[in-house]
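Student: This is the structure, below, for whatever I ask next.
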Amino acid sequence: MDLSSLPSILTPDLGLLFWMLLAFLVVFFVLAKFGFPAITVMVEKRKNYIDESLKKAHEASLKLENIKQESEAILQEAREKQATILKEAASTRDAIVEKAQDKAREESARIISEAKAEIEAHKQAAISDIRKQVAILSVEVSEKILRKNLDTDKAQMDYIDLMLNEVNLNK
């Protein structure tokens, strides 16, 4: 067997090349006529879908950023309002406390003055009662000393005043 007589695998026949080229051109023509446009349309649709998705994602990202900024602005405004409300509440609390303290001072001053007036009234009543008791005792002692009965109230009072004056002078 001679190897040179066998057709070479690496170098095909001219007829085989012709039919292969013809088959390639037919397949290429069919693909160019029907396949490539369909593939191109599909790729274009896919590209448009991807571009639109990217555009929507970008818009969503912008909207999200706007929402974040708006929420930050709303939070800042809420914080400012909270601070204002807290300041107002503190000033109101201070005013109420001040008013209550003033009212308590006034009430305590009123109670103290009433107590002083009541004490003074009791003191005067006690002094008056003591004077009466002293006067009665003085009259009784005087009667016993003088062995004389002072019949009239006028006489008794004159004698009491005289004795009190003497007692005051001795002090």
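Student: Condition first: over 16 Å from Val141 (Cβ atoms) and at pLDDT below 75. Now tell me which residues in the range 153-168 satisfy that.
Tutor: Asn168
Student: For Val27, are the conditions met, namely being over 59 Å from the mean Cα position of the chain (by Cα), at negative phi and either surrounded by 10 or more Cβ atoms within 10 Å (Cβ to Cβ) or among the aromatic types (Phe, Trp, Tyr) (or both)? Steps first, please.
Tutor: Working: over 59 Å from the mean Cα position of the chain (by Cα): yes; at negative phi: yes; either surrounded by 10 or more Cβ atoms within 10 Å (Cβ to Cβ) or among the aromatic types (Phe, Trp, Tyr) (or both): yes.
Spelling it out, Val27 is indeed over 59 Å from the mean Cα position of the chain (by Cα), at negative phi and either surrounded by 10 or more Cβ atoms within 10 Å (Cβ to Cβ) or among the aromatic types (Phe, Trp, Tyr) (or both).
Student: Residue check: is Val41 assigned to a helix (DSSP H, G or I) and under 30 Å from Asn165 (Cβ atoms)? Don't jump to the end; show me each part of the working.
Tutor: Numbers: assigned to a helix (DSSP H, G or I): yes; under 30 Å from Asn165 (Cβ atoms): no.
Here the answer is no, as Val41 does not meet what is asked.
Listed here are the residues, each with its yes/no results for (1) surrounded by 10 or more Cβ atoms within 10 Å (Cβ to Cβ); (2) within 30 Å of Asp161 (Cβ to Cβ); (3) at pLDDT below 95.
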{"residue": "Asp51", "(1), (2), (3)": "yes, no, no"}
{"residue": "Asp94", "(1), (2), (3)": "yes, no, yes"}
{"residue": "Ser113", "(1), (2), (3)": "yes, no, yes"}
{"residue": "Ala117", "(1), (2), (3)": "yes, yes, yes"}
{"residue": "Glu120", "(1), (2), (3)": "yes, yes, yes"}
{"residue": "Asp129", "(1), (2), (3)": "yes, yes, yes"}
{"residue": "Gln133", "(1), (2), (3)": "yes, yes, yes"}
{"residue": "Ser138", "(1), (2), (3)": "yes, yes, yes"}
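The values are calculated or read from the model by the stated rules, or taken from the named source; none is laboratory data. A quick note: this is a predicted structure, and the numbers were derived from the prediction, not measured. All Cβ positions, glycine included, derive from the backbone under ideal geometry; neighbour counts span all protein chains shown.
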